[in-house]
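**Student:** Please see the structure below; I have some questions.
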Amino acid sequence: MKRLPIAAAVLCLLPAAAGAATWNVDHTRSRLGFTVQWSGEAFNAIFKSWTADITFDPADLPHSRAVVSIDLASEASDSPDNDDGLKGPQGFATGQFPAAKFETTGFTAKGGGAYEAAGRLTLHGMTKPIALPFNLTITGATAHMTAKAVVSRLDFGLGSGEWASEKVIAHAVTITVDLTATKAR
């Protein structure tokens, strides 16, 4: 009978990753995009094709994680001419760098449904650490998350030639996320 308490103790020491919920993104209700000042006006764009592998539990942040992959050629805005330029060699260079990736390295609870995801953003062949502050509401099996983070496009080598200057396109780019997901069963 001594084996039962030992087995229970060993089970308690195993990682709790199995308890963290897996979430499926509802792409019809979610948006991933960015805003940048372009010729003095706000330029807003979204990515039409992206995936997110999310395991998250507010009560188990150490075992929570997210990996987001973005098809950069799916960028779209109300300005097709600008979209073509963004996908070209002076912008995303989608022929050479077709995808961007954000992978979390940890989460911090800030209180009141506010969190911060620390992670690595890989874009244009460069990987840099970024912090993504976000607000999260979980109601039953549905989660809604909104986030904004500002990055410098120059940190990722975006913008060459006439696009390197801040005169036409600002260096600061605001990444925006509005995500709805349901808990996997």
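**Student:** Taking the criterion of being free of Cβ contacts under 8 Å to residues at least 60 places away in the same chain and buried (at least 18 other Cβ atoms within 10 Å of the Cβ), would at least one residue in the range 164-177 satisfy it?
**Tutor:** No, the range 164-177 has no match at all.
**Student:** Any chance you could count how many residues in the range 149-165 are outside any strand (DSSP E or B) and at pLDDT 90 or above?
**Tutor:** Adding up the residues that qualify gives 6.
**Student:** Inside the range 55-79, can you point out the residues that are in contact (Cβ under 8 Å) with a residue 60 or more places away in the chain and surrounded by fewer than 16 Cβ atoms within 10 Å (Cβ to Cβ)?
**Tutor:** Within the range 55-79, just PRO58 meets the criteria.
The values are calculated or read from the model by the stated rules, or taken from the named source; none is laboratory data. Note that this is a predicted model, so its numbers are computed, not measured. Please note: Cβ atoms are built from the backbone with ideal geometry, for glycine as well, and neighbour counts cover all protein chains shown.
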